[in-house]
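Have a look at the structure below before the remarks.
Computed from the coordinates by the stated procedures, all read-outs in this text should not be read as laboratory data. Note that the coordinates shown come from a computational prediction; the quantities given were computed from them, not determined experimentally. Here Cβ is always computed from backbone atoms with ideal geometry, including for glycine, and neighbour counts include all displayed protein chains.
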Amino acid sequence: MRNLSFLILLLSLSFALETTAIVTKVTDGDTLHITVGKEDVKIRILYIDTPEKYGGAKLDKDAKKAGISTKDEQDLGQLSSAYASKFFQKGDTVIINSDKKDQYGRTLGTVKKNGIDYSTQIIKDGYACIYKKTKYPKELDSVLQNAKDGKKGLWSINYEVMSKLCK
């Protein structure tokens with residue numbers, strides 16, 4: 001039992017710094033499953049918010065905010081998820097930086113693959129908004145503006161809806 005407690009303590013401490021992990025599954029555009037050692041961890045990627053692909057209260061709220069049907073919202077969510085699935089492959093090595101969990105028990109963190117910060121890249125390519133309910137790196141504002149101006153990714157599909165989702 002002491003060894004298990006020590007292992008849990010060690011894993012929780014290691015997440016306060018950069019940790020190497022292996023991608024096991026892409027859930028959607030802003031959520032991954034990774035393996036750290038032998039532990040499966042669900043990561044909610046910081047600083048981004050992608051359209052919802054699953055049903056629920058957030059899907060309903062976002063669809064209403066954008067003035068679209070939940071199916072149209074889910075279609076955008078599928079595209080965002082496809083982007084994540086193209087960026088991350090099962091078995092990829094990633095660098096996670098995290099030290100906290102959200103209200104759903106997911107680990108909150110940044111994810112880098114081959115030195116590329118995923119949050120910045122998905123916003124740059126037009127498949128995510130900035131999650132503005134928490135503190136975020138202000139340089140993401142110009143990254144988002146460039147995606148909007150260049151009508152990249154989802155901005156090319158429905159600029160008006162993305163403008164409402166990214167408020």
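Shape analysis of the chain yields a ratio of the Cα radius of gyration to the Kirkwood radius, Rg/Rh, of 1.00.
By other beta-carbon atoms within 10 Å, ranking THR110, THR70, THR134, THR20 with the fewest at the front produces THR134, THR20, THR70, THR110. Nearest 10 degrees is fine. How inclined is helix 57-66 to the longest principal axis of the chain, computing both from alpha carbons? Once rounded, one gets 30 degrees. About its Cα centre, the stretch 2-165 has a charge dipole of approximately 240 debye under the convention of +1 per Lys or Arg Cβ and -1 per Asp or Glu Cβ, with nothing else charged. Taking Cα pairs under 8 Å and at least six residues apart, what relative contact order does the stretch 2-165 come out at, in percent? Relative contact order of the stretch 2-165: 24 percent.
Residues in the stretch 95-102 carry Karplus couplings, in order, of 10, 10, 10, 7, 8, 8, 10, 9 Hz; the curve used is 6.51 cos²θ - 1.76 cosθ + 1.60 with θ = phi - 60°, and Gly or Pro positions show x.
Taking other Cβ atoms within 10 Å as a rough exposure proxy, SER85, SER119, SER69 sort from fewest to most as SER69, SER85, SER119.
Among the listed pairs LYS90/LYS112; LYS65/LYS133; LYS71/LYS151; LYS112/LYS164; LYS132/LYS167, give every one whose C-alpha distance is greater than 20 Å. As for pairs spanning more than 20 Å Cα to Cα, those are LYS71/LYS151; LYS112/LYS164.
What is the local net charge at THR19, summed over the other residues whose Cβ is closer than 13 Å to its Cβ (Lys, Arg +1; Asp, Glu -1)? Spelling it out: positives minus negatives among the neighbours equals -2.
For THR31, the residues whose modelled amide H falls within less than 5 Å of its own, excluding neighbours fewer than 5 places apart on the same chain, are ILE45.
The ranking of SER81, SER142 by Cβ neighbour count inside 10 Å, starting from the fewest, reads SER142, SER81. Which loop-located trypsin sites (Lys or Arg not before Pro) does the stretch 79-142 contain, where loop means any DSSP state but H, G, I, E or B and the Cβ has at most 14 other Cβ atoms within 10 Å? Listed in order of number, the matching sites are LYS90, LYS132, LYS133, LYS135, LYS138. Computed about the Cα centre, the dipole magnitude for the stretch 12-101 is approximately 160 debye when only Lys and Arg (+1) and Asp and Glu (-1) carry charge, each at its Cβ.
Dividing the summed -39500 (n - 2.57) terms of all DSSP H runs of n ≥ 4 by the residue count of the chain sets its mean residue ellipticity at 222 nm at -12500 deg cm²/dmol. Under the classification rounded if a/c is under 1.5, otherwise prolate if a/b is larger than b/c and oblate if not, where does the stretch 69-121 fall, given a ≥ b ≥ c as square roots of the Cα gyration tensor eigenvalues? It is oblate, given that a/c is not under 1.5 and a/b is not larger than b/c.
Sequence-ordered 3J(HN,Hα) estimates for the stretch 123-137 from the Karplus curve with 6.51, -1.76 and 1.60 and θ = phi - 60° stand at 5, 4, 8, x, 10, 8, 9, 7, 7, 9, 7, 10, 5, 9, x Hz, glycine and proline given as x.
For LYS101, the residues whose amide H sits under 5 Å from its own are LEU108, ignoring neighbours fewer than 5 places away on the same chain, with H placed 1.01 Å from N.
Helix 70-87 axis versus longest C-alpha principal axis of the chain: approximately 50°, rounded to the nearest ten. Under the convention that each Lys and Arg Cβ holds +1 and each Asp and Glu Cβ holds -1, the size of the dipole of the stretch 72-163 around its Cα centre is about 340 debye.
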